[in-house]
Amino acid sequence: MEQIVTLAGNVGQANAEHRRLIPLSEVESRSGLKKSKIYSMIGESAFPRPIKLGKLSRWVEAEVDEWIDKQVTASKAAMAEARTV
């Protein structure tokens with residue numbers, strides 16, 4: 001099982017939840033995408049880039065969540081537009 005890292009520092013407890021760093025396995029689970037597609041989309045600037053912690057790659061949880069929210073919003077807008085055509 002991969003470890004989830006949290007960024008602490010002077011961040012308040014409520015904001016700390018949004019500053020978690022998550023491993024690829026969790027990114028795959030949340031997004032429904034596989035590793036090769038994630039990295040392909042990163043290369044196209046279409047998915048959040050990971051940060052490096054030594055040899056480890058971790059994603060900022062809030063950035064992944066924001067990307068998912070944008071995909072949902074775009075999909076709903078496209079479906080609504082299709083219904084009006």
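The values are calculated or read from the model by the stated rules, or taken from the named source; none is laboratory data. A quick note: this is a predicted structure, and the numbers were derived from the prediction, not measured. Cβ sites come from the backbone with ideal geometry, for glycine too, and all protein chains shown count toward neighbours.
Just a yes or no: is a residue in segment 69-82 modelled with pLDDT of 95 or more and surrounded by 15 or more Cβ atoms within 10 Å (Cβ to Cβ)? No, there is no match, as no residue in segment 69-82 is modelled with pLDDT of 95 or more and surrounded by 15 or more Cβ atoms within 10 Å (Cβ to Cβ). Scanning segment 1-34 for residues that are at pLDDT below 95, touching a strand residue (DSSP E or B) at 6+ places or on another chain (Cβ under 7 Å) and part of a helix (DSSP H, G or I), which turns out surrounded by the most Cβ atoms within 10 Å (Cβ to Cβ)? By that ranking, first place goes to ARG19.
Against the list (1) surrounded by 15 or more Cβ atoms within 10 Å (Cβ to Cβ); (2) over 23 Å from LEU24 (Cα atoms), the condition VAL64 fails is (2).
Look at segment 10-27: where a residue is farther than 14 Å from ASP65 by Cα and a partner is modelled with pLDDT under 85 and not in a helix (DSSP H, G or I), sitting 6+ places away or on another chain with Cβ atoms under 7 Å, you get ALA16/THR6; ALA16/ALA8; SER25/GLU2.
Restricting the first member to segment 58-83 and to residues that are in a helix (DSSP H, G or I), and the second to residues that are of a type in the set (Phe, Trp, Tyr), the beta-carbon pairs closer than 8 Å and six or more apart or on different chains are TRP67/PHE47.
Candidates are the residues of segment 35-54 that are of a type in the set (Ser, Thr, Tyr) and exposed (fewer than 14 other Cβ atoms within 10 Å of the Cβ); the one that is nearest to LEU24 (Cα to Cα) is SER36.
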